[in-house]
Amino acid sequence: MRAGKLRHAVEIQKKISTQGKSGAPVKEMWGVFAETRAEIVPLKGLEQLEGQQMTARVTHEIRVRYRSGIKPGMRIVKTIGGNIFDIRLIINRDMRNREILMTAEEVI
């Protein structure tokens, strides 16, 4: 993977839940899992009517250097601009632990 394509500074975040005195989850919040550089490429967009309201969905392909522990359900936040992307699919490119290719949906 060429470093020149990794032009976006991003945070990979995961949900962290805190527990109350009884041990039950009280609050869920997002915490930083990793900070890295990424290539973000829009793939497709979709607008549709849901419950008398227009919704938009934009799917992106995001590439980062390999890092273990990234899972669907985590999210990516651009450091500049604050765009948020929910990770849907993760592929270990060529199964060589060099590059991760993710499909993510932008939160609009």
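A short reminder: the numbers here are calculations on the coordinates, not readings from a lab. Note that the structure is a prediction, hence the values are computed from the model and not measured. Here the Cβ positions follow ideal geometry from the backbone for every residue, glycine too, while neighbour counts run over all protein chains shown.
Stretching the chain fully between residue 43 and residue 71 yields a gain of 8.0 nm (0.36 nm per residue, less the alpha carbon separation).
Placing pseudo-labels 7 Å out from each Cα toward the beta carbon at residue 35 and residue 61 gives an inter-label distance of 2.9 nm. Fewest-first ordering of 89, 6 by other beta carbons within 10 Å of each residue's beta carbon gives 89, 6. A convex hull fitted to the Cα coordinates of the chain yields 132 cubic angstrom per residue. Its Cα centre serving as origin, the stretch 3-106 has a Cβ charge dipole (Lys and Arg +1, Asp and Glu -1) of approximately 480 debye.
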